[in-house]
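Following: one structure in structure tokens, then a few remarks.
The values are calculated or read from the model by the stated rules, or taken from the named source; none is laboratory data. Predicted model, so just to flag it, every value in this text is computed and none were measured. As a convention, Cβ positions derive from the backbone with ideal geometry for all residues, glycine included, and neighbour counts pool all protein chains shown. For the accessible areas, the whole protein counts, side chains as well, though only heavy atoms, and no ligand, DNA or RNA atoms are used. Shrake-Rupley method; radii C 1.70, N 1.55, O 1.52, S 1.80 Å.
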Amino acid sequence: MRTAYSVESVRTAERELMDRLPEGVLMQRAAAGLAAACADLLRRRGRVYGARVVLLVGSGDNGGDALYAGARLARRGAGVSAVLLAAGRAHAGGLAALSGAGGRVVDDPFDVLAAADLVLDGITGIGGRGGLRPDAVPVARAARGSDAVVVAVDLPSGVEADSGEVVGEALRADVTVTFGTYKPGHLIDPAREYAGAVGLVDIGLGAVLPSVPELEALQHADVARLLPVPTGESDKYRRGVVGVVAGSARYPGAAVLAVAGALRGGAGAVRYVGPAADAVIARFPETLVHAGPPAKAGRVQAWVVGPGLGEEPGVRDALASDVPVLVDADGLRGLDAAVVRARTAPTLLTPHAGEAAALLEVPREEVESARLTAVRELAARYGATVLLKGSTTLVADPDTALPVRVNPTGTPWLATAGSGDVLSGLTGSLLAAGLGARDAGSVGAYLHGLAARSAARGAPVSAEDVAAALRMAWRDVSAEG
């Protein structure tokens, strides 16, 4: 499990750890790990000895980390120049260490940046708010416009550590070296895009961080433990039956794709309800079909409602049932929060940014720029688990004591028509197989993203390709169990 903690939690843990350690030890641990990562990058580009390194140094400890790391690189023969962006407030101990190792402070940043092999961004780090200050913007642009590899200290300067927002200008890094734990901004877009490849340096915070993080990202082994596995006593009904209310005369393909996902999601049977029965049976003859309404279709352990539904009825029937319900796409239109909150069985909503914006009655751009805030607000308002789809897929539970989950799999090629229908069917089948809404959403997103990576391999992919690749994704994950 990969976890991320808020700035407040990290600061509290750091203070507790510093009380136990000799003065300066924590910063030296961070600087040592940072310098080692930079040296490795420089070796890949040629050599450490004689390499040209530029430190962009802000005030406080983030700049101190950069200065101490620069001193270590200077002692290994790199030519290190420091640009002080907070005159008179740079870390005194770090400056002395750099000077003692043969590094120098420069007044004009642009000449050294133009010739740099590596730029170390120590301007603001996790304490920054609201983007770069105006005086730092031209320096950051020069760093990004150079041929140097840009390494962020803890977090790219200008991004929001706790939310993943980018408000104003920020310095995009090729690599970020963070200390002690990941922060939400490392895992959530748009900040995640600015972080590049993220490396974690252990400085001993694990023993003092809270037991519950802000975010968690499942890995193969975590997903393997959650996958439903039949036993010798299982039959198709004990494994669960998922009902799919999807498709319309205009969008029959949505029904086919949702059923495709459902058949590969671990439930024992799929019961389709809607007007696209002929198309579904032609593609998947094992499907149980019914003309509807859902209340008369037969027993299910979970419902999936909404993909390609248009104006067809069925959402209210499903929400009136006493089984888990996944609501997607057209099912989200005009969804009554009071009806959802009144349900006693779990509800899982799976909007993309546009649908989330409509549910929250805010502009789409507001959701896309503050995804963590949006998913938490939706979960609270509807009293439901929410899977917010997008470049960073997030799963939030209405129980605020539980961490929000961020999905680490996927590919930009997944932004294709019908892929969400496959995800809905897959996740609904996991619900019917017995997973809770939070686990079903997390596992469904993980497998869906993994299947898309496998199917795409750097080329365009269709929703049908993703559905077909789910078996291989399931096998890959199961191998870790």
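Points worth noting:
- Selection within segment 333-359: residues that are hydrophobic (A, V, I, L, M, F, W, C) and open to solvent by less than 10 Å² (accessible area, probe 1.4 Å). The member of this set that is nearest to residue 385 (Cα to Cα) is 348.
- Against the list (1) within 16 Å of residue 28 (Cα to Cα); (2) open to solvent by less than 20 Å² (accessible area, probe 1.4 Å), the condition residue 95 fails is (2).
Yes or no, residue by residue, for (1) farther than 15 Å from residue 271 by Cα; (2) more than 25 Å from the chain's Cα centre (by Cα):
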{"site": "305", "(1), (2)": "no, yes"}
{"site": "310", "(1), (2)": "yes, yes"}
{"site": "327", "(1), (2)": "yes, no"}
{"site": "332", "(1), (2)": "yes, no"}
{"site": "336", "(1), (2)": "yes, yes"}
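- Unique residue being among the hydrophobic types (A, V, I, L, M, F, W, C), in contact with a helix residue (DSSP H, G or I) (Cβ under 6 Å, 6 or more places away or on another chain), surrounded by fewer than 23 Cβ atoms within 10 Å (Cβ to Cβ) and under 19 Å from residue 200 (Cα atoms) when the list is 149, 106: 149
- Taking every residue in segment 1-26 that is surrounded by 13 or more Cβ atoms within 10 Å (Cβ to Cβ) and pairing it with any residue that is of a type in the set (Phe, Trp, Tyr), at least 6 positions away or on another chain, the pairs with Cβ-Cβ distances below 6 Å are 4/182.
- For first residues located in segment 159-182 and in contact (Cβ under 8 Å) with a residue 40 or more places away in the chain, partners that are surrounded by fewer than 22 Cβ atoms within 10 Å (Cβ to Cβ) and of a type in the set (Asp, Glu) and lie 6+ apart or on another chain with Cβ distances below 7 Å form the pairs 164/189.
- Every listed requirement among (1) open to solvent by 10 Å² or more (accessible area, probe 1.4 Å); (2) over 21 Å from the mean Cα position of the chain (by Cα); (3) at pLDDT 95 or above is met by residue 402 save one, (2).
- Qualifying residue in segment 220-243 (condition: more than 30 Å from the chain's Cα centre (by Cα), open to solvent by 10 Å² or more (accessible area, probe 1.4 Å) and among the aliphatic types (A, V, I, L, M)): no
- Residue ranges of strands (runs of 3 or more DSSP E) in segment 2-104 with at least 2 members closer than 14 Å to residue 121 by Cα and modelled with pLDDT of 95 or more: 52-57, 79-84
- Checking each residue in segment 281-298 for being surrounded by 10 or more Cβ atoms within 10 Å (Cβ to Cβ) and of a type outside the set (A, V, I, L, M, F, W, C) picks out 283, 286, 287, 290, 292, 293, 294, 296, 298.
- Any helices (runs of 4 or more DSSP H) falling wholly within segment 366-481 and containing at least 1 residues that are more than 25 Å from residue 263 (Cβ to Cβ): 371-382
- Residue 203 fulfils the conditions (1) in contact with a helix residue (DSSP H, G or I) (Cβ under 7 Å, 6 or more places away or on another chain); (2) open to solvent by 60 Å² or more (accessible area, probe 1.4 Å) except for a single criterion, (2).
- Subset of segment 152-178 that is within 18 Å of the chain's Cα centre (by Cα), modelled with pLDDT under 95 and of a type in the set (Gly, Ala, Ser) - its residue that is surrounded by the most Cβ atoms within 10 Å (Cβ to Cβ): 164
- Residues that are in contact (Cβ under 8 Å) with a residue 12 or more places away in the chain, more than 15 Å from residue 441 (Cβ to Cβ) and assigned to a helix (DSSP H, G or I), drawn from segment 325-339: 329, 330, 331, 337, 339
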